[in-house]
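Asker: Just dropping this structure here.
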Amino acid sequence: MDFSIKAFDTKNTLAAAKSGCIAVAVYENKKLSQAAKALDQGGEITAALKSGDITGKPGSTLLLRGVSGAAAARVLLVGVGADEAISEKSFASSVSAALKAFAALGSTDAIIALPMLDVKARDLAWSMRCVVMTATEAEFRTDGQKFKKDPAITGVRKLTIAADGGAATKTLLAQAIAVANGASLTKELGNLSANICTPTYLANTAKKLAADYGFDIEVLERKQLEALKMGSFLSVTRGSEEAPKFIVLKHMGGKAKDAPVVLVGKGITFDTGGISLKAGPGMDEMKYDMCGAGSVLGTFRAIGEMGLKLNVIGIVAACENMPSGRATKPGDIVSSMNGLTIEVLNTDAEGRLVLCDALTYAERFNPACVVDIATLTGACVVALGHHNSGLFTRADDACEQLADDLLAAGKQSGDTAWRLPISEAYNEQLKSNFADLANIGSPGGASCTAAAFLENFTRKYTWAHLDIAGTAWKSGGAKGATGRPVPLLTTFLMNRV
Ligand code: BES
Ligand code: MN
Ligand code: ZN
């Protein structure tokens, strides 16, 4: 979709606007929004509401042609609920309904003139994102690997958003587009099959982003990882024929001496479980085990596109988790980059094994804070379902502040997280007789013991962990990556500028 903003006023009236269609809001109390009134010189809109052809319920629509008070070919009435105090949910469903109607039109351009400023407890930034994200999501394609393509996108391709035309509003639009494009990249990478989306593919994607947006990039190969003594990460890739890639992206948008925010993504491009092999049903979904990495790349696309004035470093630890004659076996003991040895009691708890070395590597950047993002535990899906990402951190003041900032960014963007605990008690569950740590905990609280495991490697900086196992993709008929938590992460970074 091609988006733009236009301000309509007494000189540049909505009534005189030439367009294939103008969407305006009506209410269940039979009142018209300001924009609807502006087009109702001939009384057609009032009449349509009176007749009961449209109820005004959120998401109800009625297409009118030949409205005498409008120069536009069509006027789309969109219900937004009871009255002028619009709920978030009602606004979102009215936006969806308007875009759906636009997609079925015989014209290619339209104006969306909904009451963007009237959403309860939300601001223009939110409404703008709602419109842009919904439109971008609606045209997201999943037929990239199909020979027989899905039906082509029809209807409106140029969308004008009626809002004040100031520079601040234009910036809001550009930011919303950047976030939507970032989330789209994350979705694309997630949905790609694992025979295509290999660690090398992720590295090439990162290189392309670096070229497009001017990031510094470094891709560390197996030899370099060996030299760094990343024995834990390397133990996961042992069973695979695919080369591991350790990707470091740098967006230095802030002052040279400002400490960077570091994002660390779990990039298991396929998780079979290794020798602790997973069960067959649904195993295909383990192609999504790189969604943490995908969200780092998507967030970089977003901040690159919006030219965010902040120093951000992205680390992606990418490899496959495969069984083979050379694969790590249950009981094997490996040495992590920070020296701690780990007894690999279950080769399916591999995410923490790649992340711990990436978290140690992050120390070298003297980070302002580090956030890791990982499809880490099935137990997180049990605990939180698909609504909230799990958020973990230590209880010290700096980490508490970071957790608050991430929770707030989640609420602001609608990409929510929920706090879960880490404490010494969970660390106790990770005791091993033969190594410093076991890679799985004694039964109970598997998401918390996973987070506690990571905590051991993050004591030199302020850190938080996002478990996105339940939020990164959808299963069933609507199977597909969601692009989460790109909105949360991007909002968090934007709030720090
Ligand atoms: N990638 C999985 C976690 C996962 C499973 C995410 C299902 C989403 C859906 C992770 O590597 C894993 O296998 N974790 C194990 C840990 C266990 C062995 C302690 C799990 O959650 O079962
Ligand atoms: Mn696993
Ligand atoms: Zn995994």
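The values are calculated or read from the model by the stated rules, or taken from the named source; none is laboratory data. Small disclaimer: the values here were computed from a predicted structure and weren't measured. Every residue, glycine among them, receives a Cβ derived from its backbone with ideal geometry; neighbour counts consider all protein chains shown. Only protein heavy atoms, including side chains, enter the accessible area calculation; ligands, DNA and RNA are left aside. Shrake-Rupley method; radii C 1.70, N 1.55, O 1.52, S 1.80 Å.
Asker: How much length is gained on full extension from Asn195 to Lys309, taking 0.36 nm per residue of separation minus their Cα-Cα distance?
Answerer: Length gained between Asn195 and Lys309: 37.4 nm.
Asker: Moving on. If I take every Cα pair under 8 Å that is 6 or more residues apart in segment 2-162, average their sequence separation and divide by the length, what percent do I get for the relative contact order?
Answerer: 28
Asker: Hey, another quick one. At 1.4 Å probe size, what's the solvent-accessible area of Thr46? Round to the nearest 10 Å².
Answerer: Its accessible surface works out to 60 Å², give or take rounding.
Asker: Something else: Would you mind getting me the FRET efficiency between Thr171 and Gln145? Use the beta-carbon distance for r and R0 = 45 Å, nearest 0.05.
Answerer: The pair Thr171/Gln145 has a calculated efficiency of 0.80.
Asker: May I pose another question? List the residues, sorted by chain then number, that are 5 or more residues from Glu320 or on another chain and whose placed amide H is less than 5 Å from its amide H.
Answerer: Placed amide hydrogens put Thr269 under 5 Å from Glu320.
Asker: Quick one: 3J(HN,Hα) in Hz for segment 470-483, Karplus 6.51/-1.76/1.60 with θ = phi - 60°, rounded, Gly and Pro as x.
Answerer: With coefficients 6.51, -1.76 and 1.60, one gets x, 10, 6, 8, 10, 9, x, x, 9, 3, x, 5, 9, x Hz.
Asker: Segment 312-379 to segment 464-482: how many Å between their Cα centroids?
Answerer: Between the Cα centre of segment 312-379 and that of segment 464-482, the gap is 20 Å.
Asker: Also, quick follow-up: Starting from the Cα gyration tensor of segment 107-158, take the square roots of the eigenvalues, sort them a ≥ b ≥ c, and report rounded, prolate or oblate (rounded when a/c is under 1.5, otherwise prolate if a/b is larger than b/c, else oblate).
Answerer: It comes out oblate by the Cα gyration axes.
Asker: Calculated from DSSP H runs of 4 or more alone, at -39500 (n - 2.57) each and per residue, what is the 222 nm mean residue ellipticity of the chain, nearest 500?
Answerer: -11000 deg cm²/dmol
Asker: Okay, next question. If I fit a long axis through the Cα atoms of helix 291-306 and take the longest principal axis of the Cα atoms of the chain, what angle between them do I get, 0 to 90°, rounded to 10?
Answerer: Between helix and principal axis, roughly 50 degrees.
Asker: Could I have the simple spin-label model distance between Val497 and Lys255, label points 7 Å from Cα toward Cβ, reported in nm to one decimal?
Answerer: The answer from the label model is 1.7 nm.
Asker: Rank Phe365, Phe147, Phe215 by accessible area, highest first, at a 1.4 Å probe radius?
Answerer: Phe147, Phe365, Phe215
Asker: Report the relative contact order of the chain, percent, no decimals, based on alpha-carbon pairs under 8 angstrom and at least 6 residues apart.
Answerer: 14
Asker: Above 16 Å lies some portion of the pair distances; for segment 160-245, what is it as a whole percent of all C-alpha pairs?
Answerer: Tail fraction, whole percent: 68.
Asker: Now for a separate question. Hey, what does the equivalent ellipsoid look like for the chain, semi-axes from the Cα gyration tensor as sqrt of 5 times each eigenvalue, largest first, whole Å?
Answerer: Values for the chain, descending: 47, 22, 21 Å.
Asker: Further, regarding this structure: Roughly how tilted is helix 88-103, in degrees to the nearest 10 and between 0 and 90, from the longest Cα axis of the chain?
Answerer: 70
Asker: Sort Trp418, Trp126 by accessible area with a 1.4 Å probe, largest first.
Answerer: Trp418, Trp126
Asker: Here's another thing I want to ask about it. How about Lys278: which lysines have a C-alpha closer than 18 Å to its C-alpha, ignoring those fewer than 8 places off in the same chain?
Answerer: Cα-Cα hits under 18 Å: Lys287, Lys329.
Asker: Collect residues whose amide H, placed 1.01 Å from N in the peptide plane, falls under 5 Å from the amide H of Gln429; neighbours closer than 5 in sequence don't count.
Answerer: none
Asker: Continuing with this model, one more query. Kindly flag which residue pairs out of Lys229/Lys250; Lys229/Lys460; Lys18/Lys149; Lys6/Lys100 have an alpha-carbon separation exceeding 30 Å in this structure.
Answerer: As for pairs spanning more than 30 Å Cα to Cα, those are Lys18/Lys149.
Asker: Computed over the Cα atoms of segment 2-162, what is the ratio Rg over Rh, Rh following Kirkwood?
Answerer: Across segment 2-162, the Cα-based Rg/Rh ratio is 0.98.
Asker: Would you please give the residues with an amide H less than 5 Å from that of Ile22, counting only those at least 5 places away or on a separate chain, with H modeled from the backbone geometry?
Answerer: Counting only residues 5 or more places away or on other chains, the set is Arg74, Val75, Leu76, Ile111.
Asker: Could you rank Lys411, Lys120 by how accessible they are, 1.4 Å probe, largest area first?
Answerer: Lys411, Lys120
Asker: Work out, step by step, the length gained on full extension between Glu221 and Ala7: first 0.36 nm times the residue separation, then minus their alpha carbon distance; give nm to one decimal.
Answerer: This chain segment gains 71.8 nm when fully extended.
Asker: Another one. So in the chain, what percent of DSSP beta bridges are antiparallel if you round to the nearest 5?
Answerer: 40
Asker: Taking Cα atoms, how many degrees apart are the long axis of helix 351-361 and the longest axis of the chain, rounded to 10 and kept between 0 and 90?
Answerer: Taking the Cα atoms of the chain, the angle to 351-361 is about 80 degrees.
Asker: Quick one: what are the phi-derived ³J(HN,Hα) couplings along segment 232-241, Karplus 6.51/-1.76/1.60 with θ = phi - 60°, whole Hz, x for glycine and proline?
Answerer: Here the 3J(HN,Hα) series is 6, 4, 5, 5, 6, 7, 3, x, 9, 7 Hz.
Asker: Could you give each residue of segment 438-450 its phi-based ³J(HN,Hα) in whole Hz, using Karplus coefficients 6.51, -1.76, 1.60 with θ = phi - 60°, and x for Gly or Pro?
Answerer: 9, 8, 10, x, 4, x, x, x, 4, 6, 6, 5, 4
Asker: Where in segment 210-309 are there GluC sites (Glu not before Pro) that are in a DSSP coil and have at most 14 other Cβ atoms within 10 angstrom of their Cβ?
Answerer: When the GluC sites (Glu not before Pro) of segment 210-309 are filtered for loop state and at most 14 Cβ neighbours within 10 Å, Glu221, Glu241 remain.
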